[in-house]
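The values are calculated or read from the model by the stated rules, or taken from the named source; none is laboratory data. Bear in mind the structure is a predicted one, so any value in this text is a computation, not a measurement. FYI the Cβ positions are ideal-geometry reconstructions off the backbone, even for glycines, and counts take in every protein chain you see. Heavy atoms of the whole protein, side chains included, go into the accessibility calculation; ligands, DNA and RNA do not. Shrake-Rupley method; radii C 1.70, N 1.55, O 1.52, S 1.80 Å.
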Amino acid sequence: MDIPVAEFFNTGLEEDAVLTTASASSSIKVHFLNEYESLGAEIQFESSNLQVYAQTSDVENATQGDKLSINGTDYYILEMHPDGTGITTILLSEEQP
Amino acid sequence: MTKEQKIFSLIVAGVQGILTTNEYATGKNYETDIGNYYQDWYGLVNPESDTDVLEVRDVSASADEEQYPFQRESLEVQIVYACKRGTDTANQLRKAKADIYRMIGANLDTWRATVGGDLHPVQMGWEKEIKHEKEIFGEITITIVFEYQTEFWLVEEPNY
């Protein structure tokens, strides 16, 4: 049975976020995806990968460099990967591109 | 100390001296304080809160025995500096590279006087990488191959 995408973003476990694009701001729900990876080549640093899931319909006007504020912290969109089922994986950076 | 030990410790002391308060030539100061971030090469993953790391690595060495009873030895040393300094990362790497080159140029005569006049940096190269992920991360590796002469077989040669 298919679960509607909207229900995935209404479980009580998602985070409130504010997406600010060039033309508007909107409140959306995201799920954090915490993945650890080390950063660097010769010298490595601990680093958690900053990724969130969002409904594609909520972020279809977003582009690289737009701001996503989550729990009072500002992040910037590095990459967006819509999966074709209504969910988009967004890679974030703490640094403004 | 063997010549290998001397070379490595001199380079470590050299990079630790890269501080804006130090002169590399009369009236000319280093541009960075990367010497403050020196750490021994453990191969550890640094904490996420660290912003700068500087390491010296003696990654390979070999001996050429064709000049019996002497042998030429070569020691490949990498000076590696990494930083996460936001939008200043690329600029900081350029300055760090310049300071490392300055340090080597300023110290080479002293190193030769300490290790022996047969010490020669025979090869030098570098590579740089900057990535924008969660943070902007940059790393520069400067590789120097030193050659020097030792007496064949003598590990504790008295003149060392």
Counted residues, the range B:89-122 - those being more than 13 Å from B:G14 (Cβ to Cβ), outside any helix (DSSP H, G or I) and touching a Phe, Trp or Tyr at 6+ places or on another chain (Cβ under 9 Å): 5
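Residue by residue through the range A:59-79, note down the ones that are free of Cβ contacts under 8 Å to residues at least 40 places away in the same chain and either out of contact with any Leu (no Cβ under 8 Å at 6 or more places or on another chain) or among the basic types (K, R) (or both).
Here is the first cut: in the range A:59-79, the ones free of Cβ contacts under 8 Å to residues at least 40 places away in the same chain are A:60, A:64-65, A:72-79.
Of everything in the range A:59-79, those that are free of Cβ contacts under 8 Å to residues at least 40 places away in the same chain and either out of contact with any Leu (no Cβ under 8 Å at 6 or more places or on another chain) or among the basic types (K, R) (or both) turn out to be A:E60, A:G65, A:G72, A:T73.
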Pick from the range A:41-58, criterion small (G, A, S) and surrounded by 18 or more Cβ atoms within 10 Å (Cβ to Cβ), ranking: nearest to the other protein chains (Cβ to nearest Cβ): A:S47
Residue match in the range A:13-23 (condition: among the acidic types (D, E), in a loop (DSSP other than H, G, I, E, B) and open to solvent by less than 50 Å² (accessible area, probe 1.4 Å)): yes
Number of the exception - A:S27 against (1) assigned to a strand (DSSP E or B); (2) surrounded by 15 or more Cβ atoms within 10 Å (Cβ to Cβ): (2)
Scan of the range B:14-26 for residues that are open to solvent by 60 Å² or more (accessible area, probe 1.4 Å) and free of Cβ contacts under 8 Å to residues at least 40 places away in the same chain, ordered by number: B:Q16, B:T21, B:E23, B:T26
Which listed residue is under 22 Å from A:E42 (Cβ atoms), more than 14 Å from chain A (Cβ to nearest Cβ) and among the acidic types (D, E), from B:D99, B:D109, B:D88: B:D99
Selection from the range B:39-80 of residues that are under 15 Å from A:L39 (Cβ atoms) and either open to solvent by 50 Å² or more (accessible area, probe 1.4 Å) or touching a helix residue (DSSP H, G or I) at 6+ places or on another chain (Cβ under 9 Å) (or both): B:L44, B:V45, B:P47, B:E48, B:S49, B:D50, B:T51, B:D52, B:V53
Per-region count, the range B:40-56, residues in contact with an Asp or Glu (Cβ under 8 Å, 6 or more places away or on another chain) and facing chain A (nearest Cβ under 9 Å): 5
Among (1) surrounded by 14 or more Cβ atoms within 10 Å (Cβ to Cβ); (2) within 13 Å of chain B (Cβ to nearest Cβ); (3) over 11 Å from the mean Cα position of the chain (by Cα) - the single one A:S38 does not satisfy: (1)
In the range A:59-94, the residues that are surrounded by fewer than 18 Cβ atoms within 10 Å (Cβ to Cβ) and assigned to a loop (DSSP other than H, G, I, E, B): A:E60, A:N61, A:T63, A:Q64, A:G65, A:N71, A:G72, A:D83, A:G84, A:T85, A:G86, A:E94
Matching residues, the range B:111-132, being free of Cβ contacts under 8 Å to residues at least 12 places away in the same chain, open to solvent by 60 Å² or more (accessible area, probe 1.4 Å) and over 21 Å from B:R72 (Cβ atoms): B:E129, B:H132
Checking B:N36 against (1) at pLDDT 95 or above; (2) assigned to a strand (DSSP E or B); (3) of a type outside the set (V, I, T), the condition it does not meet: (2)
